[in-house]
Structures are given as C-alpha cells and as structure tokens.
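Chemist: Can you keep this structure in mind? I'll have questions shortly.
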Amino acid sequence: MTDHELEHLLGEAFDAQARRVVPDDTPVPPLSLPASRRSNLHWPAPLAAAAAVLVAVAAGLALSYGVTSHPSATPPAPAPAPTDRASQLSSLRADPAAAPVRVRLAQISTGPVGVGLPVIAYFSAITDGRAVQQATTVTADGHRLAAAWYFLRSNAVRGYPIEAHLRPEHFWPAHSTIAVSMKLGGLTAGHGLGFTGNEQVQFRTGAADIATVSDATHQLTLTRDGEPAGTFPVSLGAPSTPTRRGTKVIMTKKSSICVSDATYGECGVKYAQRLTYSGEYLLAAPWNSGHIGRIDSSNGSTDLRTADAARLYRLLRVGDVVRYPDASGPAVGPGDGFTDWDVPWTKWRMGGLVRTAG
Amino acid sequence: MGTLLAMSPRDEVADGAAPPVDVPALYRAHWRELVRLAVLLVDDLASAEDVVQDAFVALHRRSAELRDPAAAIGYLRASVLNLSRSVLRRRIVARRHAHVTEPMSGPGADHDLLLREDHRAALAAVRRLPRRQREVLVLRYWSGLSEREIAQTLDISAGSVKSAASRGMAALTRMLDEEGTR
C-alpha cells in the first residue's frame, strides 16, 4: 500500500467510524453548565448544581418521550406499487401517525464471503416482523431464493436493540451473487411503528468451504465445493472449558490478537479466526503443541499448530462454515455470533423474538 | 484558525471590549464534530460524550476571558485531546486491576458489522498505535488540520508532529500488510 492510498483509507475509515457512532441526525443533547461565578443569580453552589441536575433530568425526559410518543414529523412514504403480494402487504401498512423505525444493514465484506454468512439488519424498534418478512425478496444470480428473518435482542449497535438474521434453509449457493431487497416503506413494524424507506444489500459468495471438527479424532477436515481440501490436527476445550457443539461461522480474521479470561491474558496470538462472541477461535497455539491431535486442553478455542493455523488463515474467509458435531460443550445458538444454522427451518421461519408468520 | 496563544492570560481583555464567546451557540454548532473527534480517540460514545461535556464546562469557566470564537474552538479541541487522554489512562488502570485485557464476550469495537472490512482493519491498526501517533493521524486525516495547527492543539513542536505522523504511517503500513486479508 502506498502512503497516498493509506492516507485515503484512513480518511475514509475515520469518517465512516465517526458517522456510524454519531450519525448526522443525532440530536444534540442539552448542554448543562455549572452556574457561572459571574452569574447574576448568586445561588449557593450546591443549589446551583442541583438546579443544573434538574434541568438535565427534565431535558432527558423530554427527549425520551419525544422518541416514543411524538408523531413522526415526516409521515411514512406511501406503500410501494401493487405487487402479487399486494393484498397481504396492504394489511401490513403502517398507521400514518406511526413513529418511524430506523433500520441499518451490516456491511460484512467487500469481497466474496463464505456460504454461511447471514445477512444482518439492526432495528431501532420492532414488535411485528411480518411486513419485514413479506417485503423481503432474495435472489441468487437472478433466481428467487426462499429465505427467512429471525429476530433476537442485540447490543451490537447503540440505539438498535434488536437485530435480525436472514438465511435460506441451507447455506447460500456458492459462487453466486445474492441480492436482498426490502421494500419496507410505509409498512408496519408493530403497533404505532412504521418503516419510512427501503433497504437493499448485495454480496458475492465464494467457494463452499465447510470445515468439520471431530472431537473423537481431534481432526479438522476441510472440504471446498465438496472436494477434500486438507486435514489438520486440533486440541479442543478442556473439560472445564469445553468447546461448544454445533455449526459456527468465521466472523473475523486477525493476524494477531490478545486473548484473556478472568485469570490470565496473552497477546501475540496468531492466525486467529473468530467463531463466537463468547470467544472461540481457530488459532495458532504453539504452547499446546504436545496435545494437538491427541488431547482436549484448550480454553474452548480450536488450537492448531502454527503452520496449520497459517494455512487455514489463508484458505478460509469470513462466512466460511466450521462444524463441531461431537464437541463436548453445550450447543451454540443464535446470538453467539453467526450461529444460526442449527435452528430448525420450521422454527426459524416463525421469526424468534417477534413473529414473522401468520 | 485561532491559536491557543490568544487565550493566554496576558491576552485577557478588559470589560467593554468584544463580548465573551457564546458558549451555548458554540455547543450547538460544534457538538457533533467534537464528539466524533473524541470517539476516534476513545472508541466509545458514552466516554466521548462525557469528554465533550467536560470540554464545554472548561470553556464556560473561561468564557469571560475568550473573545475570539476561532480561538475558543482551538481551546475546545485541545481540551477534547487532553480529556480523552485521561479517559484512556483511567481505562488502563482499571484494566490492570481487573487482570483483564479485552473482554471476551459481547461484540467489541473491532468487529463492528456496520463498517466495511478494510475500514475495520484500518481502525483496529490505529488502536494499536502509541497514543501520540494516533492523535496526530486523527487530527491530520480526519480533522484535516495542518502540521502547525496539530502542533498547537497538542502543544508540541512541529518536528514532533512530523515524526509522529511518519512513524505512525510506517507502523500502519506494516500492520495492514501483515493482516493480509485475502
């Protein structure tokens, strides 16, 4: 990377981060200043401080009521043009006085992704997901693909307490362009809540990389588009810190990280590919080399020899699937990363936290 | 762009000169930009909002001495830098006592899914830089300040700004090349 390219990247990244955390439409909170020494009121300091607190509290109250009960200043746009599902959608129109719901879609990657990466949307509020489900169309290389949203609580983005993941019944088709369109404008997100705009996202999938980790044989076996692509010895979690069972997905890749728990921390851990929010990784564990391929002794992560971890780091991408069919820990479930694929399709289609069917 | 020199005590103006700066007006006009600056230095919104609130309280205490709105913005920016530094120092102390480096659970700043992958990687690398280098790069490439203005904001020499910037850029290049996402 040239200096010029790096300057450009930095400017963009700083700007993206600044606008993400403090969007342009963020209301400026009330300013509370201590009473000035030169104030004409000459209140004793404690009284003045108490007054400032009262002002701040009152302003805070006004703000929070404003968000929930004030009718939308700009009423939701009219419902989209009639479609074949017009009659279903017409019953899901928002009340014109509904409060607007904010929606943001995750931007996972600019390049191709693995076939296990869900589409993730964040919502400022929602109590009924039927309109979201019915207004969403998904295509793979132009062909319609059945996919469903599943809602859960979220603390990933401030002001967006609910997230939803979109997935087909099985993994995404490999080597495809997936396009997701959400024609939400004018539809309801529940009583008194309405969407004001449409959303869309498009991404490409790469090869179907599926890694399967066997606790019985202490091996990770990788297939790429169904063909064998390597076998790697591992050490999974010790009995006190067992590796969780089920289907996980690579969330992020870091050439070097710090790991820690309540009693110890270590930096410079290499070739780390994150699998769960709870802190499971594929990683290089030179300190555990004597047990790799033989004994479960990790802190829950999948310990690999350094050369193998480096090779998997080069082979795999974000969204690739890593299955643990016989690991000894509790099963992973939605909310611990991109751990969506073990939810039975019939249950997934009900919508989770809010209903999407019926 | 105002300079910090304009606010030193010897420049205090006797009553009857230009009116003191209008702190609430500055707050409305610059709150968003300053919170964004603080976010780029301390990473979380709650701390950033506190930093900016405290910066305005500090400005308010001195508002009678400040007549030039441009100088006031320079003063606010320098306060945000100083207060952000204190936030980071407190955080390191708290962490040392807790014997924990990064929290293992919950989504952290480094896998924010609303950011593009290359932006996330760049921001993660910036977080690993020494404090001074990070400050200089944020002021240069986000605030768009000149070397001289950065020197005034951080109260260091122009030469120190130059060397912090070039060492920061070199370290970032190294980290991002190492990262080598495919």
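Chemist: Straight-line reach only, C-alpha to C-alpha below 28 angstrom: list the lysines that A:K347 could link to, leaving out same-chain residues fewer than 8 apart.
Modeler: Partners found: A:K183, A:K248.
Chemist: Using a simple spin-label model with points 7 Å from Cα along the Cα→Cβ vector, what separation in nm is obtained for A:R144 and A:H191?
Modeler: In this crude label model, A:R144 to A:H191 measures out at 3.4 nm.
Chemist: Checking the cross-link filter: which lysines have an alpha carbon closer than 29 Å to that of A:K253, excluding same-chain neighbours under 8 positions apart?
Modeler: Excluding near neighbours in sequence, the set is A:K270.
Chemist: Further, regarding this structure: To make sure I understand, if each residue's beta carbon is the centre and we count other beta carbons within 10 Å, what order do A:H191, A:H291 fall in, fewest to most? Display every interim value, and only then the final one.
Modeler: Numbers: A:H191 10, A:H291 19.
Ascending number of Cβ neighbours within 10 Å: A:H191, A:H291.
Chemist: Simple spin-label model, 7 Å along Cα-to-Cβ: A:T137 to A:E169 in nm?
Modeler: 2.2 nm
Chemist: Hey, another quick one. Can you give the average number of partner chain beta-carbon atoms within 10 Å of each beta-carbon in peptide B:30-37, as a whole number? Can you show the working numbers first?
Modeler: Values: counts 1, 6, 9, 2, 1, 6, 9, 3.
The per-residue average across the peptide is 5.
Chemist: Report the local net charge at A:D342: Lys and Arg +1, Asp and Glu -1, summed over other residues whose C-beta lies under 13 Å from its C-beta. Mind dumping the intermediate values first?
Modeler: On the way: positive: A:R167, A:R244, A:R245, A:K248, A:R323, A:K347; negative: A:E169, A:D336, A:D340.
Around A:D342, the charge tally is +3.
Chemist: Can you list the chymotrypsin sites (Phe, Trp or Tyr not before Pro) in the range A:140-209 that are in a DSSP coil and have 16 or fewer other beta carbons within 10 angstrom?
Modeler: On the way: sites: A:W149, A:Y150, A:F151, A:F171, A:F195, A:F203; in loops: A:F171.
Sites meeting the loop and neighbour criteria: none at all.
Chemist: Less than 14 Å Cβ to Cβ from B:E49, Lys/Arg counted +1 and Asp/Glu -1: what total charge do the surrounding residues give?
Modeler: On the way: positive: A:R158, B:R32, B:R36; negative: B:E33, B:D43, B:D44, B:D50, B:D54.
Local charge sum for B:E49: -2.
Chemist: Please give the contour-minus-distance gain from A:R153 to A:D24: 0.36 nm per residue of separation, less the Cα-Cα distance, rounded to one decimal in nm.
Modeler: Values: separation 129, 0.36 × 129 = 46.44 nm, distance 2.52 nm.
Gain on stretching A:R153 to A:D24: 43.9 nm.
Chemist: Continuing with this model, one more query. Pop the C-beta distance of B:R116 and B:S166 into the FRET formula with R0 = 30 Å and round what comes out to the nearest 0.05. Display every interim value, and only then the final one.
Modeler: On the way: r = 26 Å, r/R0 = 0.87.
FRET efficiency, B:R116 to B:S166: 0.70.
Chemist: Gap in Å between the Cα centre of the range B:52-74 and the Cα centre of the range A:97-162?
Modeler: 44 Å
Chemist: What FRET efficiency would be calculated for the residue pair A:D3, A:R294, taking the C-beta separation as r and a Förster radius of 41 Å, to the nearest 0.05?
Modeler: On the way: r = 48 Å, r/R0 = 1.18.
According to the calculation, E is roughly 0.25.
Every number here is computed from the coordinates shown, using simple stated rules; none is lab data. Because the structure is a prediction, the values reported are computed rather than measured. Using ideal geometry, Cβ is built from the backbone for each residue, glycine included, and neighbour counts are taken over all protein chains shown.
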